[in-house]
Amino acid sequence: MRRSKIKELLGGKQAGDEVLVQGWVKTRRSSKNVAFVQISDGSTLADLQVVVGESLPAYQIVDSLNTGCSVSVTGTLAESLGKGQRYEVQATSIEVLGQADPETYPLQKKRHTPEFLREIAHLRPRTNTFGAMARIRNQMSQSIHGFFQSRGYLFIQAPMITASDAEGAGEMFRVTTLDLDNLPLKEGAVNNEEDFFGKPAFLTVSGQLEAEIFALGLSDVYTFGPTFRAENSNTSRHLAEFWMVEPEVAFCDLEGLAELSEDFLKHIFSQVLENCGEDMEFFNRWYDNKAISTLEGIVNSNFERLTYTEAVDILIKSAESFEFPVSWGLDLQSEHERYLTEKRVGRPVIVTDYPMEIKAFYMRQNDDGKTVRALDVLVPRIGEIIGGSQREERGDVLLERLRQAGLPEEAYWWYLDLRKYGTVPHSGFGLGFERTVQFVTGVPNIRDVIPFPRTPKNAEF
Ligand code: 4AD
Ligand code: MG
């Protein structure tokens, strides 16, 4: 018999059908002459109830059906009299595939703390939270590709190993095959010529510069992949390895980019609402009782637009006492971002035109000589989930910026070349995928919305 997934059983089969189901035991209850075993297989949040009557041979082994063990069940699908499920399976046979010793299996309780679950990242996919999280991540990935594909964007795979610092912020992990205990020297310094690539190489912080290369030939492209940052930020919204979606659009200015960011987020959110109802209800119940209504509100309203200068004015005039200072020229901290989007506007806010000094070298300078065509999208609870800009397409201005920023212009020769040959106005942004999953689900810590979180001093699994 072909195996049926639980989702398929609960959705598409009929009472009376013979079925084969395989999964892991969540709980077991036995009464005098019947046992109820809940099993899950990841296809849906709902467990399947398997009923084992005392007249069956399988009834002899129900006592060994411990939480966590894996089973193969055959039986008949039947309308369920119990509440909470439409169907159950009346077992004819049950085979234990793998035991899970109840003395040592860590997932015995119904609820565990997120901190504990992080220590058993190899088992947490079996919890409801991680199942729901994985299904929502999956839906969101699909929606991201769907959005860009339906608009004719090409998916470009940016390299993970690179020699250039896309953000110019010096927060890169070095990739090397040099023997760190015995470094080759040349004139008193490390001889990088002996390294694998003949020069220092790093894990990428962003696929933007490579996306720009393709946009300036193919018009509309996007990347979606892991990016790495060696910033020592131990916060609930920073990871050392996170996924980023980066569209790059030729012939597009900041206004076009702002529209794109709004359409894009609305598309993802509405698809999650449409296709992940059960999982969203789970998060709404256990993590944030406004998770669903927040997404619905966003899908049906317009994002607010503010310039950085307006935002700073609002913050200064607000009666809030912030931990970090607010004044024109300082970067917005997450408390400021959250004030703007949560308290002031109650919706996502697109902040544009930040001071040049606090933004990356590639952003297009405004005529005021002080600000750049930057764009950040802020959402309640998280703050910034998108950062982007119109790009500096003027070669001479870009070269000047690189020099001012103290970046080695020879390392960016190809980036400058793009401005020399057929340059066009173009814009792009980066969406932090995990921050978006955090926002959608209401899960407070970013470590709990990625399968394997990488943070300072933590890379066990
Ligand atoms: O604002 P960022 O640094 O922008 C860039 O990297 C640009 N190159 C993107 C572009 O224009 N193509 O990062 C973009 C987004 C942030 O808004 C945030 O959501 C997320 O990436 N992000 C992080 N997410 C988790 N952990 C970190 N350490 C993050 N740093 C940035
Ligand atoms: Mg940013």
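The values are calculated or read from the model by the stated rules, or taken from the named source; none is laboratory data. All of these numbers come straight from a predicted model, not from anything done at the bench. Cβ sites come from the backbone with ideal geometry, for glycine too, and all protein chains shown count toward neighbours. Side chains are part of the model used for accessible areas, which takes the heavy atoms of the whole protein and leaves out ligands, DNA and RNA. Shrake-Rupley method; radii C 1.70, N 1.55, O 1.52, S 1.80 Å.
Test Phe197 against the stated conditions and say whether it is open to solvent by 10 Å² or more (accessible area, probe 1.4 Å), touching a strand residue (DSSP E or B) at 6+ places or on another chain (Cβ under 9 Å) and either within 26 Å of Leu45 (Cβ to Cβ) or in a strand (DSSP E or B) (or both). No: the conditions fail for Phe197.
Residues in segment 298-313 that are in a helix (DSSP H, G or I) and open to solvent by 40 Å² or more (accessible area, probe 1.4 Å): Val299, Thr309, Glu310, Asp313. When the residues of segment 405-440 are filtered to those that are of a type in the set (Gly, Ala, Ser) and under 22 Å from Gln365 (Cα atoms), the one that is nearest to ligand 1 (Cβ to nearest atom) is Gly430.
Residues that are within 20 Å of Leu97 (Cβ to Cβ), out of contact with any helix residue (DSSP H, G or I) (no Cβ under 9 Å at 6 or more places or on another chain) and among the hydroxyl-bearing types (Ser, Thr, Tyr) within segment 40-61 comprise just one, Tyr59. All of (1) more than 30 Å from Leu398 (Cβ to Cβ); (2) touching a strand residue (DSSP E or B) at 6+ places or on another chain (Cβ under 6 Å); (3) part of a loop (DSSP other than H, G, I, E, B) hold for Ile94 with one exception: (3).
Residue by residue, here is whether (1) within 16 Å of ligand 2 (Cβ to nearest atom); (2) open to solvent by 20 Å² or more (accessible area, probe 1.4 Å); (3) under 30 Å from Asn458 (Cα atoms); (4) assigned to a helix (DSSP H, G or I) holds:
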{"residue": "Leu209", "(1), (2), (3), (4)": "yes, no, yes, yes"}
{"residue": "Phe214", "(1), (2), (3), (4)": "no, yes, no, yes"}
{"residue": "Glu231", "(1), (2), (3), (4)": "yes, yes, yes, no"}
{"residue": "Pro247", "(1), (2), (3), (4)": "yes, no, no, no"}
{"residue": "Ser261", "(1), (2), (3), (4)": "yes, no, no, yes"}
{"residue": "His267", "(1), (2), (3), (4)": "no, yes, no, yes"}
{"residue": "Glu281", "(1), (2), (3), (4)": "no, yes, no, yes"}
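Take the conditions in contact with a Pro (Cβ under 9 Å, 6 or more places away or on another chain), at pLDDT 95 or above and more than 23 Å from Met280 (Cβ to Cβ) and apply them to Thr67. Does it pass? The answer is yes for Thr67.
Comparison of Leu257, Leu218, Leu273 shows that the only residue that is open to solvent by 10 Å² or more (accessible area, probe 1.4 Å), among the aliphatic types (A, V, I, L, M), farther than 23 Å from Ile450 by Cβ and in contact (Cβ under 8 Å) with a residue 12 or more places away in the chain is Leu218.
Out of Arg373, Arg381, Arg435, which single residue is open to solvent by 10 Å² or more (accessible area, probe 1.4 Å), farther than 23 Å from Asn232 by Cβ and within 15 Å of ligand 2 (Cβ to nearest atom)? Spell out how you get there, then give the answer.
Working: Arg381 fails: within 15 Å of ligand 2 (Cβ to nearest atom); Arg435 fails: farther than 23 Å from Asn232 by Cβ.
Just a single option satisfies the conditions, and that option is Arg373.
Using the structure shown, decide if Met172 is of a type in the set (A, V, I, L, M), assigned to a helix (DSSP H, G or I) and either crowded, with 19+ Cβ neighbours inside 10 Å or within 16 Å of ligand 1 (Cβ to nearest atom) (or both). No, not satisfied.
Would you check if Tyr412 is buried (at least 16 other Cβ atoms within 10 Å of the Cβ), more than 16 Å from ligand 2 (Cβ to nearest atom) and either farther than 22 Å from Ala258 by Cβ or at pLDDT 95 or above (or both)? Yes. Asp17 falls short on exactly one of the conditions (1) closer than 26 Å to Glu278 by Cα; (2) within 37 Å of the chain's Cα centre (by Cα), and that condition is (2). Among the residues in segment 389-404, are any open to solvent by less than 50 Å² (accessible area, probe 1.4 Å) and under 18 Å from Leu306 (Cβ atoms)? Yes, because at least one residue in segment 389-404 is open to solvent by less than 50 Å² (accessible area, probe 1.4 Å) and under 18 Å from Leu306 (Cβ atoms).
Restricting Gly23, Gly42 to residues that are of a type outside the set (D, E, K, R), open to solvent by 30 Å² or more (accessible area, probe 1.4 Å) and modelled with pLDDT of 95 or more narrows the list to Gly42. Among the residues of segment 45-61, write down those that are acidic (Asp, Glu) and either at positive phi or open to solvent by 50 Å² or more (accessible area, probe 1.4 Å) (or both). Once the filter is applied, which keeps residues that are acidic (Asp, Glu) and either at positive phi or open to solvent by 50 Å² or more (accessible area, probe 1.4 Å) (or both), segment 45-61 yields only Glu54.
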